[in-house]
Amino acid sequence: MAKSKGFVQEFRDFIARGNVIDLAVGVIIGAAFNKIVTSLVEGILMPFIGLITGRIDFAGMFYVLDKSNGIPVSLAEAKAKAIPVVAYGQFINDLISFLIVAFVIFLIVKRVNRLWSDEPAESEEPTTKNCPFCVSAIPVKATRCPQCTSELQTA
């Protein structure tokens, strides 16, 4: 009867698997990438978009749901006074961030798929052809089939 592994040994084996380590690396890189994209959107892109749209600051845009307590001037004031608001400006920022991340991931996946493609490059010439008599693969420059010894026509 085989002795079962202990809990600690099973956990160590699980952590040592390549998939778990790859996932951990992906999560860490993803978190760092998220910081970069957030900085790009909030610090570089949104000011330009705000300038184009008439100096609108999307992050501060909101809609007041309950106007009985007055209309706050800023989102910070609404939060401080606990006035219910829909902060749709942050959603716009997050949507732009998502679209940028999705586009960058699309470009990366497209490039990786091209590198990993099994299809030969279009410029490569074929190195083999089929014998018209026995249909076996032979070199393109062959004048006689090595399988059936038929003479081949040269083009």
Answer from ASN93, ASN69 - the residue that is in contact (Cβ under 8 Å) with a residue 12 or more places away in the chain, of a type in the set (S, T, N, Q), closer than 30 Å to GLY43 by Cα and assigned by TED's automatic domain parsing to the domain that holds VAL37: ASN93
Selection within the range 58-86 - surrounded by 15 or more Cβ atoms within 10 Å (Cβ to Cβ) and assigned to a loop (DSSP other than H, G, I, E, B): MET61, PHE62, PRO72, ILE83
Members of the range 21-56 that are surrounded by 11 or more Cβ atoms within 10 Å (Cβ to Cβ), β-branched (Val, Ile, Thr), farther than 20 Å from PHE103 by Cβ and under 27 Å from the mean Cα position of the chain (by Cα): ILE21
ARG111 of a type in the set (Lys, Arg) and either in contact with a strand residue (DSSP E or B) (Cβ under 8 Å, 6 or more places away or on another chain) or exposed (fewer than 10 other Cβ atoms within 10 Å of the Cβ) (or both): no
Count of the range 93-114 residues which are modelled with pLDDT under 85 and more than 13 Å from the chain's Cα centre (by Cα): 4
In the range 5-20, the residues that are loosely packed, with under 10 Cβ neighbours inside 10 Å and either part of a helix (DSSP H, G or I) or of a type in the set (S, T, N, Q) (or both): PHE7, VAL8, ALA16, GLY18, ASN19
The one condition in (1) assigned to a loop (DSSP other than H, G, I, E, B); (2) surrounded by 10 or more Cβ atoms within 10 Å (Cβ to Cβ) that GLU124 fails to fulfil: (2)
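The values are calculated or read from the model by the stated rules, or taken from the named source; none is laboratory data. The model shown is predicted, which means the values in this text are computed figures rather than measured ones. Please note: Cβ atoms are built from the backbone with ideal geometry, for glycine as well, and neighbour counts cover all protein chains shown.
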